[in-house]
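Remarks on the structure that follows.
Just so it is clear, none of the values below were taken in a lab; they were calculated from the coordinates. Remember, predicted model here, so these are calculated numbers, not experimental data. As a convention, Cβ positions derive from the backbone with ideal geometry for all residues, glycine included, and neighbour counts pool all protein chains shown.
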Amino acid sequence: MDDLLSFILEVIGTVACAISGIRLAATKKFDWFGAYTVGLVTAIGGGTLRDILLDIPVFWMHNWWYLAVTALSLFAVLAFRNLLVSKNRMLFIFDSIGLAMFCVIGINKTLALDYPMWVALIMGMITGAFGGVIRDILINEVPLIFRKDIYATACIAGGFVYWIIFATHGATYLSQLCSAGTIILVRFLALRYNLSLPVLTPNVQSDKKPPRNL
């Protein structure tokens with residue numbers, strides 16, 4: 001049951017992240033190969049960094065279907081371009097789904113290696129968010145995680161929900177579903193009520209030079 005659910009989450013996360021990357025590449029008028037590349041790194045970037053940090057074989061080097069799923073995602077964007085590219089909320093929807101799925105996968109994989117939960121929370125955030133960082137860099141945008149959107153914070157909230165449910169009930173599948181649902185819910189609530197983290201601004205007063213004594 002847990003293995004099947006993890007596989008389903010991974011497929012959904014790969015499709016969602018790939019489409020979010022391909023969609024953004026389309027708005028920048030990338031060619032098909034460029035769009036495919038952006039979609040692929042969005043889908044596998046976070047998991048790649050996670051596996052490197054955990055010192056284990058990189059996951060996509062043993063399963064060709066990540067490449068195939070990204071190709072199918074590209075054809076889906078081409079076929080439904082008017083829906084997936086022209087609608088502004090499509091990026092938010094797919095980005096939120098991919099973020100939630102991969103965050104949960106990162107937590108699962110880290111715990112399976114007997115790391116403590118606090119490490120799993122960090123790896124979950126990296127798995128969910130780092131692919132989007134690479135995506136935004138490739139399309140010459142400020143990474144979403146560094147802007148005022150509720151992004152990494154949603155991963156942290158979902159990670160704590162996973163932690164609480166797993167510690168009290170020990171049911172991995174329930175922890176996964178509730179954690180993913182929390183991440184998506186936090187993202188949608190942030191959009192609905194225009195919630196964001198405070199923006200760090202420079203102290204303008206400190207830039208002024210003191211008046212000279214004449």
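Which residue fluctuates most in the GNM of the chain (Cα springs below 10 Å): Ile19, Ile105, Ile134?
In this elastic network of the chain, the residue with the biggest mean-square fluctuation among Ile19, Ile105, Ile134 is Ile134.
Select from Val199, Val15, Val69 the residue whose mean-square fluctuation is largest in a Gaussian network model of the chain (Cα-Cα springs shorter than 10 Å).
Among Val199, Val15, Val69, the largest mean-square fluctuation in the Gaussian network model of the chain belongs to Val199.
Given the rule -39500 (n - 2.57) for each run of at least 4 DSSP H residues, summed and divided by the residues of the chain, what is its mean residue ellipticity at 222 nm, to the nearest 500 deg cm²/dmol?
Helices in the chain give a 222 nm mean residue ellipticity of -24500 deg cm²/dmol.
Compute a Gaussian network model of the chain, connecting alpha carbons closer than 10 Å, and tell me which residue from Ser73, Ser196, Ser179 fluctuates the most.
In the Gaussian network model the winner is Ser196.
Given R₀ = 41 Å, FRET efficiency for Leu78-Tyr115 by Cβ-Cβ distance, to 0.05?
Result of the calculation: an efficiency of 0.50.
Could you give the length gained on full extension between Arg89 and Ile139, defined as 0.36 nm per residue of separation minus the Cα-Cα distance, in nm?
Full extension from Arg89 to Ile139 adds 16.2 nm.
What relative contact order, as a whole-number percentage, does the stretch 2-196 give when Cα pairs under 8 Å and 6 or more residues apart are counted?
Relative CO of the stretch 2-196 lands at 24 percent.
What ranking do 74-85, 36-47 get when scored by the average of other Cβ atoms within 10 Å per residue, highest first?
Ranking, from highest mean packing down: 36-47, 74-85.
What fraction of the Cα pairs in the stretch 42-113, stated in percent, has a spacing above 14 angstrom?
69
If you average the C-alpha positions of the stretch 12-44 and of the stretch 116-138 separately, how far apart do those two centres end up, in angstrom?
17
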